[in-house]
Amino acid sequence: MNSGNPDPSALFALMAPVILMCWIIGAAIVIVPFWQIFKKAGMAPALSFLMVVPLANLVMLYVLAFSPWKTLVVPAYATAGYPPPPPSPYEAPPQA
């Protein structure tokens, strides 16, 4: 006589693909932004795969937070166009 409770192995067989798909989507949600962050920090972007590994993700967050980032610092006036950059000594003076 069946009491209405499903077989646990059959229930696992139905839920395993759903759990796997949720894990893959969750990993992608974590890996994609960290790929960009590691690339902008001047580190190997493949380190972002460590962000889904327990304890390794905490270590990598500390490494990322306290390591010097190899970024180019652009002066504020370079994007605004004022003041104009100094003339190069190698180019001819402007003709009036």
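The values are calculated or read from the model by the stated rules, or taken from the named source; none is laboratory data. Since we're looking at a predicted model, the values are computed, not measured. Positions of Cβ are backbone-derived with ideal geometry, glycine not excepted, and every protein chain shown enters the neighbour counts.
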* Sort out which residues of region 8-18 are within 21 Å of VAL52 (Cα to Cα) and surrounded by 10 or more Cβ atoms within 10 Å (Cβ to Cβ), and write them in order of number. => ALA16
* Top-ranked residue in region 58-70 [being touching a helix residue (DSSP H, G or I) at 6+ places or on another chain (Cβ under 9 Å) and free of Cβ contacts under 8 Å to residues at least 12 places away in the same chain; ranked as farthest from LYS40 (Cα to Cα)] -> VAL59
* To do: Would you please name the residue that is modelled with the highest pLDDT, looking only at residues in region 46-96 that are over 15 Å from the mean Cα position of the chain (by Cα) and of a type in the set (Ser, Thr, Tyr)?
  => SER67
